[in-house]
Structure formats: C-alpha cells, structure tokens
Amino acid sequence: MAAPQSADTVRTELLSRVLAEEVLDMPWLDRSSARSVLRDHGLPFPGKGRWQYSDLRALVEDAMTLDNAHEALGPVQNVEIRHLDRPATDAQMVELGSSDGVGELPLIDVNGLLFRSGTKLLANGNASRVAINDATGSVDRHLVSVVQDATLQLDEQFQSGNRVVLCRVRDSATLNYDLTMPSTDGVGYHCLVVWLSEGSSLNLHLASQGAQIRRSDIIVNVMGRNASATLSGGWLIENRDHLDTQVYVNHRIGQSRSEQSFHGVVDDQARSTFSGFIRIDRDANATEAHLTNRNIALSPQARAHAQPELEIYTDDVICSHGATTGQLDDDSLFLLRARGIGEESARAMLTKGFLRQVIHSESGTALLSL
Amino acid sequence: MKLLELRDLAASVDEKQILNGIDLTVNAGEVHAIMGPNGSGKSTLSNVLAGRDGYTVTNGDMELMGTPVNGMSVEDRALAGLFLGFQHPIEIPGVTNMEFLKVAIDSHLIASGEEEMNTRDFMVQVRDVSKRLQLSTEFLKRFVNVGFSGGEKKRNEILQLMLLQPRLAFLDETDSGLDVDALQVVARGINEFRSDENGVVLVTHYQRLLNYVNVDFVHIMVNGAIVKTGDAQLAHEVEAQGYAGLGEA
C-alpha cells in the first residue's frame with residue numbers, strides 16, 4: 001500500500017490536475033486571471049486554516065467531474081439576462097471569466113477555470129424577481145448587476161455542484177437575496193461575492209439543510225458610504241451531514257453598517273462550522289458591524305464549531321461579535337412541558353423557534369418547515 | 001374529592017435538603033394560600049410538585065387526584081390536571097403565544113381521547129378570555145412573553161390557566177411584581193377560574209393578593225415545613241406581625 005501523501009503533495013498534484021482541466025472550448029472567455037492566481041498562489045493546504053474542516057480535495061475533484069450545462073433562466077421584466085452559450089461571441093460575456101477584485105480565494109479560481117455555463121443579469125428596474133436554480137451536475141458562474149436605484153429580488157437554490165455568484169450593487173440600489181440549500185447526499189461548493197456601492201443595501205437570507213460536504217463562502221465588500229448589509233440565516237443538519245459556512249464582511253469605507261445573525265442546529269452525528277469574519281479598514285471610520293452565531297446541538301455526537309473573528313484597524317467603530325454552542329434551554333423546555341406538551345414536541349417547537357428568529361424568507365421558512 | 005395530598009413530603013435540591021416533611025391536602029372547591037418568608041422552600045415545593053429535573057423527593061408521598069405522582073413526567077402531571085403558575089414566566093423567542101396555547105390545549109385534548117380543537121373554535125375561545133384579562137389579541141401573535149411587561153407575563157399565565165382549566169392550580173408568587181391594577185386583573189382571573197370542581201393554591205410572600213381572592217386556608221411555611229395553618233385571618237396576622245411575630249422563627 002502506498003504511503004499516505006503529505007498535504008503539500010496532495011495540493012501540488014491537485015493543482016496540476018485542475019490546470020490541466022481548464023475548459024478550452026470557449027476561447028472567447030478570458031480565464032487568464034483565474035489561471036494566474038492559481039499558478040501564483042496554488043491551492044490552500046488541505047486540512048489547514050480555512051480548510052480545516054472541509055475536504056478541499058473532494059470539492060476540487062467534484063468540480064472536475066461536473067460537465068452539465070446549467071439550466072437557462074427565463075425572461076424577467078426589467079432584467080437583461082444573457083447566457084454564456086448564446087451567442088458564443090458576446091463580448092459582454094467575456095468579463096464573466098474574470099475574478100479580478102475578488103481577492104485571494106483559490107476555489108473561486110478553480111470555478112473560473114472550469115465553469116461551462118453562466119449568466120449575466122442586469123437589473124435595471126424595480127422589484128424584479130429572478131430565480132437561479134440548482135447547480136447539481138454543473139460548474140456555473142453568474143454575474144449580477146443591480147443598477148443605480150434599482151431593486152432586485154434574487155431567489156437562488158443550491159444543493160450540490162460548484163457555483164460562484166458575483167454581485168455588484170450600485171449606488172442606492174437594493175439586492176434582496178434569498179438563498180436556500182436543500183438537503184443532498186452530494187458535495188457542493190458555493191461562493192457568493194457582493195460589492196456594495198454608496199447607499200446600497202444587501203439583505204441576504206440563508207436557509208440550509210445538510211449535505212455530504214457543503215462549503216459556502218459569502219464575501220461582502222462594503223465599498224461605499226451609507227451602505228448596509230444585513231445577513232441572516234440558519235441551518236438544520238442531521239445524520240452525518242457536514243456544513244461549512246464562512247462569511248467575510250469587509251468594510252473598506254466608513255459610515256457603513258453590517259449585521260450578521262446566524263443560528264445553526266445540528267443533530268445526530270452532523271458537523272457544522274461557522275466562521276464569521278469582520279474586517280474594518282483603517283479609513284473606515286464610523287462603521288458599525290455586528291455578528292452573532294448561536295448553535296444548538298441536539299445530540300451528544302453532534303458538533304458545532306463557531307469562530308468569530310474581528311480585524312479592526314480604526315478606533316472609531318461600533319463592533320460586536322459573539323458565538324455560542326449549547327443545548328435547548330431547560331427553562332423553556334420545562335415551561336412547555338408544564339403545560340402538558342410532550343418532551344419531543346416541546347423540543348421540536350423550541351428548535352423551530354430558534355431558527356425562526358433568523359429565518360424570515362418565505363423560501364427558507366418552507367425549506368425548514370418553520 | 002382530594003385533588004392534592006402531600007404526606008410528610010421531603011425533598012432536596014443539589015443534595016441540599018429544602019423541604020422537611022410537608023403535609024397538605026387540597027380538596028375540590030378549596031382555595032389555599034401558602035405564605036412564608038424568602039428561602040422557606042415555597043418555590044421548591046412548586047418545582048417538586050411539577051416534577052422538575054434536579055428536585056429530588058427524599059421522603060413522603062405526593063398524590064394528584066388520588067394517583068401517586070412520583071416518577072411521573074412533567075407533562076403527565078400537567079395532563080393529570082396540575083397547573084404550575086410561574087413566578088418568573090420565561091421568554092421563548094421564536095415560538096408564538098398562539099402556537100404555544102394551541103399545542104398546549106391540543107395536548108390536553110388528545111390525552112383525554114378527544115380531537116384537536118379546530119382553529120376557529122380556538123380563536124373564539126382565546127379572544128374571549130384575552131378580552132376578560134385585558135390582553136389585546138395582537139399579543140397572541142407575539143413570541144411567548146418576549147417584550148411583555150411584568151403584568152402582561154402574569155396575565156398570560158392566567159390566560160393559560162383559564163384556557164387549560166386544570167383541576168389544581170398551584171400559582172407560585174403570581175402576585176409578585178404586579179401593580180395594583182394588574183393585581184386586580186389577575187385576581188379577577190383567579191376568581192373566575194375557581195369552582196367547586198377545582199382547587200387553587202396561592203403561594204405568596206405578601207398578604208395583598210388575599211385582599212382580592214377569598215381563601216379558605218392559610219398555611220405558614222418556614223424552613224421547609226408548614227408551621228401553622230389557619231383561615232384568612234392568619235394572613236392578616238402575618239401582615240401585622242411579620243413571620244417572626246408568629247413565634248416560629
């Protein structure tokens with residue numbers, strides 16, 4: 001039997017396979033930035049740092065086997081929708097290949113080399129509603145722009161596969177984003193990057209069930225004054241599910257606001273990790289940023305890791321963060337039972353109540369039967 | 001009919017003996033008050049009776065409607081007819097008052113072999129009782145006790161009492177933290193509830209609730225035991241002389 005490979009060997013070998021898998025039959029797409037980022041920085045070390053909990057190799061290998069096309073989106077009023085495959089030479093689609101400005105997130109660039117389908121959405125009106133369906137079987141990438149003063153309601157569903165969504169929310173525009181991730185046996189990598197311009201807002205609702213492995217990166221770059229990001233969500237995972245959610249909120253400029261509240265419930269032998277990162281740049285004075293992550297483990301074998309991180313380079317901020325992991329509240333349980341409600345029902349009510357505090361979207365409420 | 005019978009009941013919390021041999025019988029149609037200074041074991045008695053985890057019966061017997069309750073779960077005691085009114089009603093974010101009340105009522109109906117109440121009948125009943133307790137129906141949509149004032153929390157307790165119609169209401173300092181107006185509303189609820197079929201035990205530190213609710217018996221509890229029993233007049237003596245003045249301290 002071969003000796004186990006070192007993390008470094010795995011990483012190097014995996015990288016050369018990814019580079020060799022670059023999709024070449026769409027020559028009009030410029031994938032050079034993704035290629036050079038991967039060549040220069042390589043892949044992360046499996047099992048370390050931000051990849052401590054999720055199997056990087058499984059996710060990258062999965063992306064290399066996916067070759068279905070993502071389903072085309074139907075027409076929507078006030079939204080221009082262009083698909084990658086038609087027409088093949090659409091100059092405006094070229095930028096879809098670029099990950100410029102995203103920062104150093106190698107898995108985005110793996111997607112950049114391998115994606116075969118994608119869309120570009122330009123929302124230029126009010127209260128339009130667009131749905132991006134599941135990615136199962138595909139590597140896809142979507143570019144969303146919400147023009148000045150426009151409002152877009154984006155409903156996305158993601159189970160497995162490999163997907164990157166890049167959103168630019170222009171001045172005074174609003175992006176309401178409902179992201180639901182139903183249960184699957186498969187593996188999935190999902191990355192959402194949002195740039196917020198002056199006076200714009202993002203309202204993100206995440207509701208997730210479990211997967212064999214699912215890693216979800218959410219990156220919000222607050223680039224303009226008076227911009228605000230409200231991120232809330234929750235998950236309920238069971239069996240041997242694995243969910244790894246990492247949220248990065250970067251305040252590049254001051255007088256901006258962000259609030260994150262995520263509740264997680266883990267049952268059976270499931271494992272969740274949540275990493276919430278807030279960075280406030282040196283010039284980002286008068287920023288307000290809050291983060292809470294609460295987890296409940298319903299079984300003794302369930303595990304929830306929570307890791308809030310703050311990096312603050314200015315004094316003039318209001319910032320708070322907190323993370324807890326525990327069980328259902330004994331006093332609440334006692335009150336319900338003392339009114340004749342059986343223990344099992346009481347536990348179910350409290351679990352739902354815990355999630356209802358953070359899940360306000362219709363799709364999320366339906367997914368988790370709240 | 002005997003609704004509650006405690007015989008030489010002793011109990012401990014965290015291996016500390018708190019109740020030291022309590023004898024108490026409550027028959028249908030009776031209202032009892034248990035009074036005592038802080039730390040006398042009044043709240044422990046409530047919790048022991050309700051079957052809360054961490055409270056251990058070390059001696060004696062406890063019967064509800066003639067059935068021994070030791071070993072029964074918290075919910076089974078409630079379904080057998082016991083209602084514990086909380087001194088500090090807990091807040092349950094995410095669970096609406098409406099859902100809580102409906103599931104509680106349905107649990108009782110199912111336990112007695114009946115069907116769940118249909119939503120319309122439930123709403124009619126809840127609205128009617130809420131109105132009598134001067135609680136707006138808006139508050140049914142809110143999460144259980146979240147953002148309620150002290151008075152609202154206690155009125156919510158009485159609402160649950162009136163909807164569930166237990167055989168025995170054991171109300172632990174329901175009067176604490178209430179202003180006079182709220183106290184009168186709560187007292188009116190208790191008076192409306194009491195009947196020849198049920199019994200009420202008011203656990204209280206002060207006599208003032210007894211200005212509004214007529215009691216048949218007053219028991220003075222000190223150091224985990226009932227040291228004196230009398231009629232309503234005994235509460236006035238406590239008020240005038242303090243617990244120390246009763247010669248037991």
Task: Filtered residues of the stretch A:316-359 (kept if within 12 Å of another protein chain (Cβ to nearest Cβ), farther than 25 Å from B:Gly51 by Cβ and in contact (Cβ under 8 Å) with a residue 40 or more places away in the chain) - done: A:Leu355, A:Gln357, A:Val358, A:Ile359
- [ ] Could you run through the stretch B:1-54 and say how many residues are at pLDDT 95 or above, part of a loop (DSSP other than H, G, I, E, B) and among the aliphatic types (A, V, I, L, M)?
- [x] 1
TODO: Return the residue satisfying two criteria in turn: it lies in the stretch B:188-214 and is in a loop (DSSP other than H, G, I, E, B) and crowded, with 19+ Cβ neighbours inside 10 Å, and of such residues it is modelled with the lowest pLDDT.
DONE: B:Gln207
Task: Count of the stretch B:4-42 residues which are polar (S, T, N, Q), over 21 Å from B:Leu234 (Cβ atoms) and crowded, with 18+ Cβ neighbours inside 10 Å - done: 1
Task: Test: B:Ser130 is surrounded by 20 or more Cβ atoms within 10 Å (Cβ to Cβ), free of Cβ contacts under 8 Å to residues at least 60 places away in the same chain and of a type in the set (Ser, Thr, Tyr) - done: yes
Task: In the stretch A:145-164, the residues that are out of contact with any Phe, Trp or Tyr (no Cβ under 9 Å at 6 or more places or on another chain), surrounded by fewer than 24 Cβ atoms within 10 Å (Cβ to Cβ) and under 16 Å from A:Val79 (Cβ atoms) - done: A:Ser145, A:Val147, A:Gln148, A:Asp149, A:Ala150, A:Thr151
Task: Residue that is surrounded by the most Cβ atoms within 10 Å (Cβ to Cβ), among those in the stretch B:161-187 that are out of contact with any Leu (no Cβ under 7 Å at 6 or more places or on another chain) and assigned to a helix (DSSP H, G or I) - done: B:Leu161
Task: Identity of the residue in the stretch A:12-52, part of a loop (DSSP other than H, G, I, E, B) and basic (Lys, Arg), that ends up surrounded by the most Cβ atoms within 10 Å (Cβ to Cβ) - done: A:Arg31
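If you go through the stretch B:108-126 one residue at a time, do you hit one that is under 30 Å from B:Glu5 (Cα atoms), of a type in the set (D, E, K, R) and either touching a Gly at 6+ places or on another chain (Cβ under 6 Å) or buried (at least 18 other Cβ atoms within 10 Å of the Cβ) (or both)? Quick ask: steps written out before the conclusion?
From the stretch B:108-126, those under 30 Å from B:Glu5 (Cα atoms) are B:108-114; that's our starting set.
Narrowing the set further to residues that are of a type in the set (D, E, K, R) leaves B:114.
Keeping just the survivors that are either touching a Gly at 6+ places or on another chain (Cβ under 6 Å) or buried (at least 18 other Cβ atoms within 10 Å of the Cβ) (or both) gives none.
Within the stretch B:108-126 (the criterion being under 30 Å from B:Glu5 (Cα atoms), of a type in the set (D, E, K, R) and either touching a Gly at 6+ places or on another chain (Cβ under 6 Å) or buried (at least 18 other Cβ atoms within 10 Å of the Cβ) (or both)), the answer is no, since none of the residues qualifies.
Being among the small types (Gly, Ala, Ser), farther than 19 Å from A:Tyr189 by Cα and crowded, with 19+ Cβ neighbours inside 10 Å narrows it down to one of A:Ser261, A:Ser275, A:Ser256, A:Ser299, so name that one. Break it down stepwise before answering.
Working: A:Ser261 fails: crowded, with 19+ Cβ neighbours inside 10 Å; A:Ser275 fails: farther than 19 Å from A:Tyr189 by Cα; A:Ser299 fails: crowded, with 19+ Cβ neighbours inside 10 Å.
None of the other options fit; the residue is A:Ser256.
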Task: From A:Ile253, A:Ile219, residue being assigned to a loop (DSSP other than H, G, I, E, B) and either touching a residue at least 60 places away in the same chain (Cβ under 8 Å) or within 30 Å of A:Tyr313 (Cβ to Cβ) (or both) - done: A:Ile253
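The values are calculated or read from the model by the stated rules, or taken from the named source; none is laboratory data. The structure presented is a predicted model; accordingly, all values stated were derived computationally and were not measured. Every residue, glycine among them, receives a Cβ derived from its backbone with ideal geometry; neighbour counts consider all protein chains shown.
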